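Structure first, commentary second.
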Amino acid sequence: MGPFRWPTVTNFITRKKKENFLTLESNKLPRHIAIIMDGNGRWAQKRGLPRAAGHRAGVESLREIVEACAELGIAVLTVYAFSTENWKRPQEEVDVLMNLLTEYLQKESTELHRKNVRINPIGRIASLPETARHELARAVNLTKDNKGLILNIALNYGGRAELVDATRAIAQKVISGEISPQEITEEVIAANLYTGSLPDPDLLIRPSGEFRISNYLLWQSAYTEFWFTDVFWPEFKREHLYQALQDYICRERRFGGIKK
Ligand code: IPE
Ligand code: IPE
Ligand code: MG
């Protein structure tokens with residue numbers, strides 16, 4: 001992926017939400033939003049449904065949130081779809097998740113392309129099943145020249161695995177003499193992560209009432225603002241995203257400095 005360019009955002013975005021008007025000043029919006037799409041299983045359990053039904057319902061939330069982010073002019077959305085630890089689940093559930101991914105890409109990539117979304121998988125993609133890899137490659141190729149929202153889909157993703165992979169890549173460069181150990185800086189490490197030249201997430205949303213990072217974007221989230229909600233991912237809709245954005249806008253980010 002080429003170098004990241006900040007989008008120029010000048011508009012005010014106003015949306016009618018029930019009787020309220022929500023105005024989000026777009027120059028204060030996060031450029032990069034990360035989401036841990038969690039709570040599908042519990043959402044289904046609560047309704048006496050199989051976990052698979054929760055995952056299927058979760059795809060609907062993803063569709064809505066991607067659309068909302070594209071409309072708002074968000075530059076990057078990174079969604080956690082499958083972690084390096086999720087292989088521990090019963091094979092049947094892993095199969096459901098992989099099939100849903102394939103189905104999502106088959107059904108949605110044309111529409112995502114129309115919305116100018118660029119699909120960018122991050123994680124150890126080579127270990128995914130062949131059919132999922134095939135659909136991913138197709139979706140990536142279809143959307144590769146799009147200049148709108150960058151949709152990072154974290155698949156077989158682990159923050160630690162990412163740091164291991166980056167370390168290996170950097171070690172190779174040292175061995176080949178491309179760089180010296182003294183030249184390894186924070187920028188070099190960041191550039192060798194799956195997220196490459198993309199900006200760090202400004203806002204990380206975790207639904208489902210869990211307060212942990214679960215091996216997500218460990219390096220990139222150093223100064224990310226966190227937003228939690230008890231709502232399960234299948235019930236997470238535009239209104240929840242807007243709540244998170246309104247809270248985010250009111251926060252003061254200091255990055256270790258002092259109040260301006
Ligand atoms: C998130 O929902 C989906 C994945 C991890 C793939 P979960 O399946 O983790 O749902 P809960 O947390 O068990 O409710
Ligand atoms: C994180 O959720 C991974 C994804 C949402 C893809 P998990 O459900 O796997 O996380 P833990 O096990 O509750 O920490
Ligand atoms: Mg979970």
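The values are calculated or read from the model by the stated rules, or taken from the named source; none is laboratory data. Given the structure is predicted, the values throughout are model-derived calculations rather than measurements. Positions of Cβ are generated from backbone atoms using ideal geometry, with glycine treated the same way; all protein chains shown enter the neighbour counts. All accessible areas refer to the heavy atoms of the entire protein, side chains included, with ligands and DNA or RNA removed. Shrake-Rupley method; radii C 1.70, N 1.55, O 1.52, S 1.80 Å.
Every listed requirement among (1) in contact with a strand residue (DSSP E or B) (Cβ under 6 Å, 6 or more places away or on another chain); (2) over 21 Å from ILE36 (Cα atoms) is met by ASN152 save one, (2).
Has the range 187-196 got at least one residue that is open to solvent by less than 40 Å² (accessible area, probe 1.4 Å), in a helix (DSSP H, G or I) and either among the aliphatic types (A, V, I, L, M) or more than 24 Å from MET37 (Cα to Cα) (or both)? Don't jump to the end; show me each part of the working.
Going residue by residue through the range 187-196, those that are open to solvent by less than 40 Å² (accessible area, probe 1.4 Å) are 188, 190, 192-193, 195-196.
Subset that is in a helix (DSSP H, G or I): 188, 190.
Restricting the remaining residues to those that are either among the aliphatic types (A, V, I, L, M) or more than 24 Å from MET37 (Cα to Cα) (or both) gives 188, 190.
Yes, the range 187-196 contains a residue that is open to solvent by less than 40 Å² (accessible area, probe 1.4 Å), in a helix (DSSP H, G or I) and either among the aliphatic types (A, V, I, L, M) or more than 24 Å from MET37 (Cα to Cα) (or both).
From the list GLY209, GLY256, the one residue that fits, being open to solvent by less than 40 Å² (accessible area, probe 1.4 Å), of a type outside the set (Phe, Trp, Tyr) and modelled with pLDDT of 95 or more, is GLY209. Screening HIS113 with (1) touching a helix residue (DSSP H, G or I) at 6+ places or on another chain (Cβ under 7 Å); (2) within 16 Å of ligand 1 (Cβ to nearest atom) gives one miss only, at (2). Take the residues in the range 75-114 that are over 20 Å from GLY39 (Cβ atoms) and of a type in the set (Ser, Thr, Tyr); name whichever of them is farthest from ligand 3 (Cβ to nearest atom). It comes out as THR110.
For PRO181, indicate whether it is under 18 Å from ASN152 (Cβ atoms) and of a type outside the set (Gly, Ala, Ser).
Details: under 18 Å from ASN152 (Cβ atoms): no; of a type outside the set (Gly, Ala, Ser): yes.
Against the criterion (under 18 Å from ASN152 (Cβ atoms) and of a type outside the set (Gly, Ala, Ser)), PRO181 does not qualify.
Considering only residues that are among the hydrophobic types (A, V, I, L, M, F, W, C) and more than 15 Å from ligand 3 (Cβ to nearest atom), look in the range 26-52 and name the one that is nearest to the chain's Cα centre (by Cα). Result: ALA34.
Listed here are the residues, each with its yes/no results for (1) more than 13 Å from ligand 2 (Cβ to nearest atom); (2) under 28 Å from ARG138 (Cβ atoms); (3) not in a helix (DSSP H, G or I).
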site	(1), (2), (3)
TRP43	no, no, no
GLY48	yes, no, yes
HIS55	no, yes, no
GLU71	yes, yes, no
ALA81	no, yes, yes
ASP95	yes, yes, no
GLU108	yes, yes, no
HIS113	yes, yes, no
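Checking GLU92, GLU71, GLU111, GLU85 one by one, the residue that is under 24 Å from SER221 (Cβ atoms), at pLDDT 95 or above and either in contact with a Pro (Cβ under 6 Å, 6 or more places away or on another chain) or open to solvent by 40 Å² or more (accessible area, probe 1.4 Å) (or both) is GLU85 and no other.
Taking PHE228 as the residue in question, decide whether it is surrounded by 15 or more Cβ atoms within 10 Å (Cβ to Cβ), without any contact (Cβ under 8 Å) to a residue 24 or more places away in the chain and in contact with a Phe, Trp or Tyr (Cβ under 7 Å, 6 or more places away or on another chain). The answer is yes for PHE228.
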